Amino acid sequence: MPFDQTKDVLNHARKFHRRLSEFYEDLKDSVEKERTRALLDYLSRHETYLDESLAKFQKAVSDNVLDTYINYKPDSANVSAIADFEISDDMSVDDVVAAAMHFDACLIKFYRGMASKANSVKVREMFENLLVMEQHEQIELSKQTLELANI
């Protein structure tokens, strides 16, 4: 089913962050290594923060932009990539970092694609802003995971 309005796309992105938070939380219970558990705990809390930040961002966007129709099908975004990762009890920090980077890359691709499909300048600018925010989050994630990996 295609999304009808920009707000539907944003809700889909928020759902992705919530699913990622749950994924990291569930994975935390199955790993044995303390450093890996600490990283997963950080990632879970970080995804919750991103969901909340996106909710605040969405409230600040005008209704005119949120109600704009956009041609988009959820399966084309490759945002359902969480299920593609196997969970094992011996996951290393590197495995978790690789998964997190993959998920960030999926969101970057998602926002880039949405910006390119937007017919409205305001909608395109909104997705470009989200793209920049996600790219900054990817850099911050890299810094944080490097710090945790070196502990």
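Every number here is computed from the coordinates shown, using simple stated rules; none is lab data. The structure displayed is predicted, hence computed values, not measured ones. Here the Cβ is made from the backbone with ideal geometry for all residues, glycine too, and neighbour counts use every protein chain on show.
How far apart, in nm, are the 7 Å Cα→Cβ label points at ASP26 and GLN144?
2.1
What does the charge dipole of segment 1-56 about its Cα centre add up to, to the nearest 20 debye, if the Cβ of each Lys and Arg holds +1 and the Cβ of each Asp and Glu holds -1?
Here the size comes out at about 160 debye.
Return a whole-number percent for the relative contact order of segment 1-64, with Cα pairs under 8 Å and 6 or more residues apart as the contact set.
Worked out over segment 1-64, it gives 39 percent.
What lysines could a cross-link reach from LYS33, if we take a straight Cα to Cα line under 22 Å and drop same-chain neighbours fewer than 8 places away?
Candidates past the 8-residue exclusion: LYS143.
Take the Cβ-Cβ distance between HIS102 and TYR69 as r, set R0 to 35 Å, and report the resulting FRET efficiency rounded to the nearest 0.05.
0.70
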